[in-house]
Amino acid sequence: MGKSYDSKDIVVLEGLDAVRLRPGMYIGTTGVKGLHHILWEIVDNSIDEISNGYGNRIIITLHKDGSASVEDNGRGIPVDMHPTLKKSGVEVVFTQLHAGGKFNNDNYGYSGGLHGVGASVTNALSEWTKVYVCKNKKRYFMEFESKMGDNGKIRSGVPVAPLMEIGDTTKTGTKVTFLPDKRVFETVVFNADTISKRLKELAFLNRGVYIEFNDERTNQKQVFAYEGGLKDFAIYLNEGKTALYKEPVYISGESKLIKLELAIQHTDTYTENMFSYVNNIPTTEGGTHETGFKSALTRLMNEIARSEGWLKEKDANLIGEDFREGITAILSIKMRNVQFEGQTKTKLGNPEIRPEVENLVYNELLKYFEQKDKLEIAEIIFNKAKGAAKVREAQRKAKDLARQKNSVDKYNLVGKLSACTSRKAELSELFIVEGDSAGGSAKQGRDRTFQAILPLKGKPLNAEKKRLDQVLANEEIRTIISALETGVGEDFNIDNLRYHKVIILSDADQDGAHIRAILLTFFFRYMRGLITNGNVYIGLPPLYKVYKKDVVEYVYSDEELPEAIERVGKGYQIQRYKGLGEMNPEQLWETTMEPTKRNLIRVTIEDAAEAEKMVTVLMGDNIEARKAYISEYANFDREDEFMSKTFI
Ligand code: TSJ
């Protein structure tokens with residue numbers, strides 16, 4: 001061994017020592033994940049060799065002593081001397097720390113060149129590494145070890161001896177065995193399930209590769225080999241589901257920057273199963289390649305649908321999600337200079353890849369569907385998407401309505417509705433009271449345990465001839481809807497009624513009658529169940545108060561007035577109420593709200609229909625009908641015929 005060898009060696013060794021000093025920098029963690037990482041560093045090299053077209057089999061073996069072997073039938077790691085480093089290719093691969101060899105930044109190319117990436121990291125974190133190469137009709141061997149140096153520090157991955165020729169062979173290939181260092185890892189026990197799962201994935205991703213997995217600890221052997229590659233992957237992922245077409249769609253292609261493969265198969269399910277890979281690494285967070293694929297699929301499918309007449313001119317394009325309902329898609333690209341982003345560094349960030357993938361997928365997929373009998377697959381996919389679009393549209397409508405209802409629920413009520421304390425709907429009453437001042441008296445006079453008060457400011461709008469959304473837009477109406485909790489229109493559900501008595505309390509004048517009519521019209525049209533179920537009442541305030549000292553009688557109609565005067569007797573006084581607002585809270589309670597004394601009229605469906613007719617005429621566009629109605633029913637008072645005379 002010459003001096004120059006030694007001095008160069010020191011530089012290299014310092015490099016590997018850095019790996020042992022900060023393993024996290026190179027393998028992320030020294031936990032069980034890091035342990036497997038150093039295995040994958042080796043496996044990846046074999047996969048690379050094979051996906052470049054050299055060899056077709058890999059054998060992974062876990063030995064009883066805790067070591068692991070990876071063997072392939074590729075060309076074998078170069079054994080010739082590196083002209084400047086004056087070392088064999090094998091030694092360079094295992095002792096030279098690759099520049100930028102940081103964790104999860106596997107920037108190696110996909111077609112030849114930078115083999116051996118990561119092998120030095122595995123070597124640095126192993127107690128020993130043994131390398132066998134079959135090449136040039138010869139067998140070669142080299143061994144490395146990490147052992148205590150004179151300075152008391154461990155020297156990592158030091159060659160035990162230079163590469164040696166140890167025999168003859170007709171085969172080619174590489175076999176690497178390494179023992180993960182107990183002084184580095186928290187655990188040195190490989191997990192067969194983890195390895196088996198990843199090997200299976202690698203076998204799907206690399207069509208034609210034969211991967212054998214031997215666990216000598218348990219004497220278990222598994223073989224993964226898929227002639228169909230990604231196609232088989234899609235079929236495997238869709239096992240147990242009903243595929244909408246038997247053969248997965250499969251395309252592959254190459255551009256300046258990437259090599260690409262894609263398999264898709266739709267099932268009768270509704271979720272999107274997208275799996276993407278860059279250089280065999282899963283990109284679970286997606287990235288620019290996925291985006292490119294999705295754009296291509298959406299654009300192409302819409303274009304085919306138009307040219308085939310599946311989408312008519314008046315039809316809107318379907319959206320991406322429609323075409324991906326029930327899809328199982330596997331996208332695998334190979335590229336250089338990968339930039340990973342995202343929370344877990346599993347998202348492809350390279351912006352230049354998006355158009356590259358989009359164009360490739362668009363062109364290849366177009367070619368695919370142009371083949372004999374393949375257009376019907378496009379049609380199946382389109383029909384599935386059309387179903388998705390229909391559901392999407394229906395859901396949007398339902399959501400809009402729910403949102404509207406929701407806003408009705410939350411809107412306006414603060415400070416307006418004075419709720420009652422009881423949650424028992426059968427016992428609860430809602431007074432809809434005309435005017436703020438009467439509303440105020442009602443709030444003070446009520447029995448708050450079961451009586452809720454909702455004052456109405458102005459006239460609520462005319463419910464006639466208005467579409468539901470316009471009706472809902474009215475503040476007063478929204479307040480009523482939200483207070484009742486039944487929903488409105490198609491959503492009306494009497495079971496959710498919050499108050500079993502809904503009592504309209506308006507003045508005994510024309511305006512009051514009008515407000516009643518409008519409210520009844522609204523209930524008639526949009527909450528009819530409220531009326532047919534007998535929950536709507538008209539509250540009757542007294543017309544007169546006849547009194548003398550401590551004798552008081554309230555009179556609710558002109559007919560009753562003479563009898564009342566007689567009962568009170570000589571020296572009586574009469575007060576005529578013009579509106580609810582003239583009564584103080586106690587009087588309102590006593591005359592109109594107190595259940596044993598008040599007069600309520602239960603509104604019948606005929607009453608409501610009549611009210612609607614009146615409102616229709618009075619507030620509609622037909623001026624002639626309006627005039628005729630007014631001249632016939634000029635006097636609006638409580639005797640209006642839309643009210644039944646049923647007192648309760
Ligand atoms: F990780 C590793 F480097 F230690 C490793 C590499 C481990 C294993 C199990 C296999 C391999 C490996 C490397 N398999 N095949 C190769 N091939 C090459 O390194 C190679 C062979 C020939 C040529 C050439 O240009 O002739 C180039 C390369 C990179």
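The values are calculated or read from the model by the stated rules, or taken from the named source; none is laboratory data. This is a predicted model, so every value here is computed, not measured. Using ideal geometry, Cβ is built from the backbone for each residue, glycine included, and neighbour counts are taken over all protein chains shown. With ligands, DNA and RNA removed, areas are computed over all heavy atoms of the protein, side chains included. Shrake-Rupley method; radii C 1.70, N 1.55, O 1.52, S 1.80 Å.
Assorted remarks:
- Residue-normalised convex hull volume from the C-alpha trace of the range 511-583: 115 Å³ per residue.
- THR169 - accessible surface, heavy atoms, 1.4 Å probe, Å² rounded to 10: 20
- Inverse of mean 1/r across different Cα pairs in the range 123-226, Kirkwood, Å: 16.2
- Point-charge dipole on Cβ atoms (K/R +1, D/E -1) for the range 220-300, about Cα centre, debye to 20: 140
- Local electrostatic count, ARG306, Cβ distance below 12 Å [Lys/Arg +1, Asp/Glu -1]: -1
- Radius of gyration, Dmax [the range 290-358; alpha carbons; angstrom]: 15.2, 45
- With Rh defined as the Kirkwood radius, the inverse of the mean 1/r over Cα pairs, the Rg/Rh of the range 144-189 is 1.10.
- Solvent exposure of HIS514, expressed as accessible area, is near 40 Å², computed with a probe of 1.4 Å over the protein chains only.
- Karplus-derived 3J(HN,Hα) values for the range 124-138, using 6.51 cos²θ - 1.76 cosθ + 1.60 with θ = phi - 60°, are 5, 9, 10, 5, 8, 9, 10, 10, 10, 10, 10, 6, 6, 6, 10 Hz; glycine and proline are entered as x.
- Rg ratio for the range 36-102: its Cα radius of gyration over 2.2 N^0.38 Å, N being its residue count, equals 1.24.
- Projected-area average for the range 237-277 over all orientations - Cα convex hull basis, square nanometres: 3.4
- Convex hull of the range 480-543 built on C-alpha atoms - directionally averaged projected area, nm²: 4.3
- Charge dipole of the range 301-369 about the Cα centre (unit charges at C-beta), most positive-ward option of GLY326, PHE369, ASN359: ASN359
- Heavy-atom accessible surface of the range 125-259, averaged per residue, reaches 53 Å², computed with a 1.4 Å probe.
- When nucleic acids and ligands are ignored and a 1.4 Å probe is applied, ARG567 ends up with an accessible area of around 150 Å².
- Three-way shape call for the range 248-321 based on the alpha-carbon gyration tensor, with the a/c threshold at 1.5: prolate
- Mean silhouette area of the range 491-628, derived from the convex hull of its C-alpha atoms and averaged over all directions, reads 10.7 nm².
- Cross-link pairs beyond the 21 Å C-alpha cut-off, checked among LYS135/LYS197; LYS135/LYS334; LYS138/LYS175; LYS259/LYS294: LYS135/LYS197; LYS135/LYS334
- Restricting the calculation to alpha carbons of the range 193-286 gives Rg and Dmax of 14.9, 46 angstrom.
- Amide H to amide H, with H built 1.01 Å from N, ASN279 comes under 5 Å of ILE333, LYS334, MET335, counting only residues 5 or more places away or on other chains.
- Stokes-Einstein diffusion for the range 561-611, with the hydrodynamic radius set to the Kirkwood value over Cα pairs and evaluated at 37 °C in a medium of 0.692 mPa s, equals 238 µm²/s.
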